[in-house]
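Quick notes on the structure that follows.
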Amino acid sequence: MGNLLIIFLNFLVQVIQVYIFIVLASVVFSWLIAFGVVNPYNPTVRSIYQAINGLTEPALRPIRRALPDLGAVDISPIVLLLVLMYLVVPIITQFLIPQIAGSGL
């Protein structure tokens, strides 16, 4: 049972870390579009942007509603990254590291 829990928590940490990279990619991609580095009318660019937005918007939308309006500055990705890190760090420090250290790996 203990190994199953370690495998599940490790998988959960990996999924959260991949999602962190997707959020960072969303931020960088929005900057590239805003500064005119990439053309949003290019079909490839548009499909990548829609895919990234489809993955990040469901998590960012409630955060944007809760935060005050700061004009052109959007800090919702920062808040989301902090929440995700707040989820990952306790899982690693309280569950995974002691289990791995106790198993002698």
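Quick notes on this one:
- Test for Val13: is it closer than 30 Å to Phe95 by Cβ, without any contact (Cβ under 8 Å) to a residue 24 or more places away in the chain and either part of a helix (DSSP H, G or I) or in contact with a strand residue (DSSP E or B) (Cβ under 7 Å, 6 or more places away or on another chain) (or both): no
- Some residue of the range 53-64 being in contact (Cβ under 8 Å) with a residue 12 or more places away in the chain, surrounded by 11 or more Cβ atoms within 10 Å (Cβ to Cβ), more than 19 Å from Val28 (Cα to Cα) and more than 15 Å from the chain's Cα centre (by Cα): no
- Selection of the range 84-105 for residues being surrounded by 12 or more Cβ atoms within 10 Å (Cβ to Cβ) and modelled with pLDDT of 90 or more yields Leu84, Met85.
- All conditions in (1) of a type in the set (Phe, Trp, Tyr); (2) modelled with pLDDT under 95; (3) surrounded by 15 or more Cβ atoms within 10 Å (Cβ to Cβ) hold for Tyr41, with the sole exception of (3).
- Residues satisfying the stated conditions in the range 7-32, i.e. exposed (fewer than 15 other Cβ atoms within 10 Å of the Cβ) and over 22 Å from Ile52 (Cβ atoms): Ile7, Phe8, Phe11
The values are calculated or read from the model by the stated rules, or taken from the named source; none is laboratory data. Computed from a predicted model, the values in this text were never measured in an experiment. So basically every Cβ, Gly included, is an ideal-geometry build from the backbone, and we count neighbours across all protein chains shown.
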